[in-house]
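What follows is a single structure, written as structure tokens, with notes after it.
The values are calculated or read from the model by the stated rules, or taken from the named source; none is laboratory data. The structure displayed is predicted, hence computed values, not measured ones. For neighbour counting, all protein chains shown are included, and Cβ atoms are generated from backbone atoms with ideal geometry for every residue, glycine included. To get the accessible areas, we keep the full protein, side chains included, count just its heavy atoms, and leave off ligands, DNA and RNA. Shrake-Rupley method; radii C 1.70, N 1.55, O 1.52, S 1.80 Å.
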Amino acid sequence: MSLRVFEAAARLGNFTRAAEELRITAGAVSQHIRVLEEFAGQTMFRRLGRGVELTDAGRAAYGHANAAMAEMLQAGRAMRASLRGRRISLSTAPSFASKWLIPRLGKFQESFPDVEVRMSADMTLVDFAGSDIDLAIRYGPGGYEGLHCERLMSESVVVVASPRLLDGRESVKTAADLLSLPLIHDEAPERDPSCPTWSMWFAARGERREEAERGLRFNHSGLALEAAVAGKGLVLAKRQLALRDISQGRLVTPLQEGDAPLSFAYWLVWPRGRRFEPAQGAFLSWLREQVIEGDSVADQTA
């Protein structure tokens, strides 16, 4: 156990985060590290204000500890091969999970009722070496080191609003027609640098809106969309996340202009050389089919 605690603390650079990952107390982490340092006869970590960093001896040991944990994880995966043939463990961002993936999961479960889906929805990038996650869906630039990366679909930004917000207005077709409407700001941590702010969006269309940065702000794209559905304002939305609300009439795209493509995309990622069991292979095929069926515009070019 002490070796596992050492590997987590070294990888995360923080005893508290290691404790959270291992589901033990921070005091227990400190105790395990103390035992390990007594065994080694030297310190493994330098204690900093907000975390820890490895000493020279710690760095020398970490490479071996990391490799050992990876081998142990692979052994565990091999032992559970028959179980993994009936289960898929997936990591993805909360907004993508709630707005795109979960509404479609019923179709997968209808086709594969014996396959159990386990989803981890958080903003932390999964460490495949230290977890039992099979694959992840990431929103970003791609090209992740050490991982197989397959583009699932592209993304674009579109102005959306609740029909209720626009009710009673004679015409809302151009940027000038939006100058008096309330705004919602999506400040999700995975923000694409090519995605404009409202100030940038108005300026690009030759309009200057006073106090364009005022309005509701959310660090979760799904919450920004829910606020728009509730009629709280306009939002510059990721099209793929808003697609279901648009198709079901909860949101509309009032402007007479096309979507603006973004540089980030959604990527399927997993460790290179990983062998998938039937459950994982079926889920990957189903995901690709959902992109094609749900949005013919989505670009799947790698």
State whether the residues of region 126-149 include one that is modelled with pLDDT under 90, β-branched (Val, Ile, Thr) and open to solvent by 70 Å² or more (accessible area, probe 1.4 Å).
-> no
Flagged in region 162-213 as among the charged types (D, E, K, R), assigned to a loop (DSSP other than H, G, I, E, B) and within 15 Å of Leu255 (Cα to Cα), in numbering order, are Asp167, Arg169, Glu170, Lys173, Arg205, Glu207
Close pairs from region 94-114: first under 11 Å from His220 (Cβ atoms), partner in a helix (DSSP H, G or I) and small (Gly, Ala, Ser), Cβ under 8 Å, at least 6 apart | Pro94/Gly222; Ser95/Ser221; Ser95/Gly222; Ser98/Gly222; Lys99/Ser221; Lys99/Gly222; Lys99/Ala242
Kindly establish whether Leu181 is farther than 16 Å from Trp100 by Cα and in contact (Cβ under 8 Å) with a residue 60 or more places away in the chain.
-> no
For the subset of region 71-97 comprising residues that are at pLDDT below 65 and open to solvent by less than 30 Å² (accessible area, probe 1.4 Å), which member is nearest to Pro113 (Cα to Cα)?
-> Gly85
Which numbered condition Leu241 fails, given (1) more than 16 Å from the chain's Cα centre (by Cα); (2) of a type outside the set (Lys, Arg); (3) within 21 Å of Met119 (Cα to Cα) = (1)
Lone unmet requirement of (1) among the aliphatic types (A, V, I, L, M); (2) open to solvent by less than 30 Å² (accessible area, probe 1.4 Å); (3) more than 23 Å from Leu262 (Cα to Cα); (4) out of contact with any strand residue (DSSP E or B) (no Cβ under 7 Å at 6 or more places or on another chain) for Leu179 = (2)
In region 214-231, which residue that is more than 19 Å from Phe202 (Cα to Cα) and assigned to a loop (DSSP other than H, G, I, E, B) is most open to solvent (accessible area, probe 1.4 Å)?
-> Asn219
Quick one: Val158 ticks every box in (1) of a type in the set (A, V, I, L, M); (2) at pLDDT 90 or above; (3) touching a Lys or Arg at 6+ places or on another chain (Cβ under 9 Å); (4) open to solvent by 20 Å² or more (accessible area, probe 1.4 Å) bar one, so which box is it?
-> (4)
Enumerate the pairs (first residue in region 30-54 and small (Gly, Ala, Ser); second residue anywhere and outside any helix (DSSP H, G or I)) with beta-carbon separation below 6 Å, excluding pairs fewer than 6 apart on the same chain, so at least 6 apart or on different chains.
-> Gly51/Gly13; Gly51/Asn14
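Take region 6-34 and flag every residue that is over 16 Å from Leu54 (Cα atoms) and either part of a helix (DSSP H, G or I) or modelled with pLDDT under 85 (or both).
Taking region 6-34 first, the residues over 16 Å from Leu54 (Cα atoms) are 19-28, 31.
Ala19, Glu20, Glu21, Leu22, Arg23, Ala26, Gly27, Ala28, Gln31 - these are the residues of region 6-34 that are over 16 Å from Leu54 (Cα atoms) and either part of a helix (DSSP H, G or I) or modelled with pLDDT under 85 (or both).
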Pairs with Cβ under 6 Å, 6+ apart, first in region 115-138 and within 17 Å of Trp267 (Cβ to Cβ) and touching a residue at least 60 places away in the same chain (Cβ under 8 Å), second assigned to a loop (DSSP other than H, G, I, E, B) and open to solvent by less than 40 Å² (accessible area, probe 1.4 Å) | Ala136/Val126
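Hey, can you tell me all the residues within region 120-161 that are part of a strand (DSSP E or B) and within 13 Å of the chain's Cα centre (by Cα)?
Pass one, region 120-161, residues part of a strand (DSSP E or B): 120-121, 135-140, 147-161.
Within region 120-161, Ser120, Ala121, Leu135, Ala136, Ile137, Arg138, Tyr139, Gly140 meet the criteria.
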Just wondering, is there one or more residues in region 196-209 that are touching a residue at least 60 places away in the same chain (Cβ under 8 Å), open to solvent by less than 40 Å² (accessible area, probe 1.4 Å) and not charged (D, E, K, R)?
-> yes
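Within region 234-247, does at least one residue satisfy the condition of being surrounded by fewer than 15 Cβ atoms within 10 Å (Cβ to Cβ), within 21 Å of Thr92 (Cα to Cα) and either touching a Pro at 6+ places or on another chain (Cβ under 8 Å) or of a type outside the set (Gly, Ala, Ser) (or both)?
Just the residues of region 234-247 that are surrounded by fewer than 15 Cβ atoms within 10 Å (Cβ to Cβ), to begin with: 247.
Applying the additional criterion that residues be within 21 Å of Thr92 (Cα to Cα) yields none.
The answer is no; no qualifying residue exists.
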